Amino acid sequence: METSLKVQVCMCPSIYDFSCMCMSHFFPKLSFKSVVFRVCESNKYVFLFICTYKLDVAKKEEESERDRIDKLQKERDRKERDQKERDRKGKGQKERDREENGQKERDQKQKGRKKREKAKSEEKGREETKVLIESLDAKATALQAKGDDRRAVRLWEKSLILKRNTYGVTSNEVNTARERLTKEYNRASVRLIALQNTSEAESLLRRAQILAEPFPSSLALTLNNFGCLYKSMGKIRIALRYMLEALDIEQENCYITNTSGTHINICAVYSELKKYKLAEQHARLAVRLLEQEFFGVVLSPAEDPTIMEMMNDVEIERIDLYAAAVFNRAVQLEYLQKWDQSLRAYMKSLRVIKKFPVDEALKSALTEACREAEGKLRNKVFKQRSLLAKVKKKT
């Protein structure tokens, strides 16, 4: 077998020296004992062994190189396969991502289309509901004008339900409808009380009380009407409790303008209980509040004619309530046997109903009552003044 290996044979004085030389030059990878064993055979065996070793080393190195190249090739092939697999997976992932993104876009478009269709449908429904609400309100107003309170209230209740479903519970439209329905309940209950239909009136007032919770003015009006209801049923103390509760709410909320009416109602209840002094106090408060509202000042007896002449061309709302308040005060003063003050109050009431537009039924009733009281009181006042004059002469 041919080889390019150059072998140099050296003569050594001893086996140890020879083995050391072989270890350093020819046998770097073999153990010392192996070298010694080979050397002990003969020089010829040493020479053959060295050549064989070198040839084996070359062959092993060549095989090692091939193995290294094969490993590198396999590693390269593996990396290429891995890269191709990654590329394939990456391409598949991109396609999947592209497909998912496309699906998302399609879903979003579909949702947007459905949302627009739903909004359009809801808008159309709202418009139809608004038309229906307006129709119900108009019919209810017409029925109320005819005096059919029951059907009018039912239509307003339907209108409120539709407004809740359309605009939301806390919307301004719903709050306005609630307050209006509360007032309609109260108006209808007042008519029913006048007709002695107390059970239905109480039912309407219960509904009104629930709806009126957020609105102090409407709640006070409802409690006031509860008082009127129980007064008509003969439950005077229960009526007084409701009216005083209404008065507390009105005094806590200064913007409420019905306080004078509550004072008049309380005056009537105290009069029923024969507490004429308290009744007169509330009647006086009602008169003062109304005079402050109408004239801007509280009128004294001497100023009454002058102020009323100055207000000749002024139309005053709720003047009938003012006339009733003055008349009620006159009645309570008569019960308290303050004849002179009572007579002046009756005369003031007559001036009011003559000077200003008052409900005809109220005007007729007050005029008759005042004329009757005037005749009695003038005699009592004359006797009282005569008696006082005689007492002064004696003293």
Selection status of residue 278, assigned to a helix (DSSP H, G or I), open to solvent by 20 Å² or more (accessible area, probe 1.4 Å), modelled with pLDDT of 90 or more and within 25 Å of residue 376 (Cα to Cα)
yes
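Going by what's in this entry, would residue 261 be described as of a type in the set (Gly, Ala, Ser) and either free of Cβ contacts under 8 Å to residues at least 60 places away in the same chain or in contact with a Gly (Cβ under 6 Å, 6 or more places away or on another chain) (or both)? Before the answer, list the steps.
On the way: of a type in the set (Gly, Ala, Ser): yes; either free of Cβ contacts under 8 Å to residues at least 60 places away in the same chain or in contact with a Gly (Cβ under 6 Å, 6 or more places away or on another chain) (or both): no.
It is false that residue 261 is of a type in the set (Gly, Ala, Ser) and either free of Cβ contacts under 8 Å to residues at least 60 places away in the same chain or in contact with a Gly (Cβ under 6 Å, 6 or more places away or on another chain) (or both).
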Residue 123 meets each of (1) under 30 Å from residue 216 (Cβ atoms); (2) in a helix (DSSP H, G or I) with one exception, condition (1)
If I filter segment 113-131 for residues that are modelled with pLDDT of 85 or more and either open to solvent by less than 90 Å² (accessible area, probe 1.4 Å) or of a type in the set (Ser, Thr, Tyr) (or both), do I get at least one hit?
no
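Look at residue 256 and say whether it is among the β-branched types (Val, Ile, Thr), outside any helix (DSSP H, G or I) and open to solvent by less than 50 Å² (accessible area, probe 1.4 Å).
Criteria met by residue 256.
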How many residues does segment 186-222 hold that are farther than 18 Å from residue 144 by Cα and of a type in the set (Asp, Glu)?
2
Looking at segment 130-157, I want the residues that are hydrophobic (A, V, I, L, M, F, W, C) and have a partner that is open to solvent by 90 Å² or more (accessible area, probe 1.4 Å) with Cβ atoms under 7 Å, at least 6 apart or on another chain. Which pairs are those?
136/158; 143/151; 155/139
Kindly indicate whether any position in segment 307-321 is open to solvent by 60 Å² or more (accessible area, probe 1.4 Å), modelled with pLDDT under 65, assigned to a helix (DSSP H, G or I) and not hydroxyl-bearing (Ser, Thr, Tyr).
yes
If I ask for residues that are in contact with a helix residue (DSSP H, G or I) (Cβ under 8 Å, 6 or more places away or on another chain), open to solvent by 50 Å² or more (accessible area, probe 1.4 Å) and of a type in the set (A, V, I, L, M), which ones from segment 165-214 would you list?
190
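The values are calculated or read from the model by the stated rules, or taken from the named source; none is laboratory data. Please read these numbers as outputs of a predicted model, since none were measured by experiment. Backbone-built Cβ (ideal geometry, glycine too); neighbour counts: all protein chains shown. The area values use the complete protein model at the heavy-atom level, side chains included, leaving out ligands, DNA and RNA. Shrake-Rupley method; radii C 1.70, N 1.55, O 1.52, S 1.80 Å.
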